[in-house]
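S.K.: Below are the structure tokens for one structure; questions will follow.
Only the coordinates and a few stated rules stand behind these numbers; no lab work does. For clarity, every value in this text was computed on a predicted model and none was experimentally measured. Note that we place each Cβ from the backbone using ideal geometry, even for glycine, and neighbour counts take in every protein chain shown.
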Amino acid sequence: MKPEFQRNGKSSIPEALRLDHADLCAALAGIAADPGPIGAAALRLARLCVPHFEQEEHVVFPVFGLLRDLATADVRPEMAELLPLISEFHASQVGREHQMIVAAVQALQQAARAEDCSQVLAFTNRLQDHERIEDEVIYPAVNLVGKYLRLSLGHPARPRPPAPARIWHPAYSAGRSCRASRRNGGNA
Ligand SMILES: [Fe+2]
Ligand SMILES: [Fe+2]
């Protein structure tokens with residue numbers, strides 16, 4: 001099976017998830033083109049984010065292609081083909097990569113504050129929100145879908161995973177305190 005769960009020959013990864021990554025990457029690429037310290041910090045962040053996003057699109061987002069069917073209790077045996085992908089997610093470093101991304105975001109914020117660049121600060125807030133939603137909603141939902149599939153299809157439960165990767169920490173909130181960004185309310 002292809003990484004994405006296929007139905008009627010079409011990928012069922014929710015487009016909103018894929019588009020959010022594409023928008024963030026485009027904005028980050030634009031900031032990285034800056035010739036000064038902001039661009040250098042953005043480039044370091046991009047080197048973390050781009051492979052991280054690709055990995056999420058490989059082992060995380062395909063799981064959400066099942067949601068509409070699962071919501072109507074339409075559970076089919078072929079959906080078990082996603083279970084190895086969910087195991088791959090658990091074994092991967094993808095959740096732990098958020099820690100490195102937070103540190104790189106902070107460096108970009110520092111560079112943006114030094115130049116009073118509200119647009120870049122607004123972008124960092126947006127990226128922080130993105131990763132926070134993944135920590136608090138998306139990643140736990142992958143675990144939930146895996147458990148529901150195993151229960152529904154009669155597959156043995158997988159060994160209890162280590163405590164969920166709750167990467168969130170006060171550093172994220174620190175980024176949200178940027179008054180310049182709030183005043184301007186701009187988007188990257
Ligand atoms: Fe993401
Ligand atoms: Fe992420």
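S.K.: Evaluate the distance, in nm, between pseudo-label points positioned 7 Å from the Cα of TYR148 and of GLU115 along their respective Cα→Cβ axes.
M.R.: Output for this residue pair reads 4.5 nm.
S.K.: Once you place label points 7 Å from the Cα toward the Cβ at ASP74 and GLU88, how far apart are they in nm?
M.R.: Spacing of the two 7 Å Cα→Cβ label points: 2.5 nm.
S.K.: Please give the length that would be gained between ALA22 and GLU81 if that part of the chain were fully extended, namely 0.36 nm times their separation in residues minus their C-alpha to C-alpha distance (nm, one decimal).
M.R.: On the way: separation 59, 0.36 × 59 = 21.24 nm, distance 2.67 nm.
Residue separation times 0.36 nm, minus the Cα-Cα distance, leaves 18.6 nm.
S.K.: A follow-up question, please. Near the amide H of SER12, under 5 Å away, which other amide H atoms are found, from residues 5 or more places off or on another chain, if H is placed in the peptide plane?
M.R.: PHE5, ARG7
S.K.: Roughly speaking, what is the stretch gain from VAL50 to VAL137, that is 0.36 nm per residue apart minus the C-alpha to C-alpha distance, in nm to one decimal? If you can, show how the numbers build up before the last one.
M.R.: Numbers: separation 87, 0.36 × 87 = 31.32 nm, distance 2.09 nm.
Contour length minus the Cα-Cα distance gives 29.2 nm.
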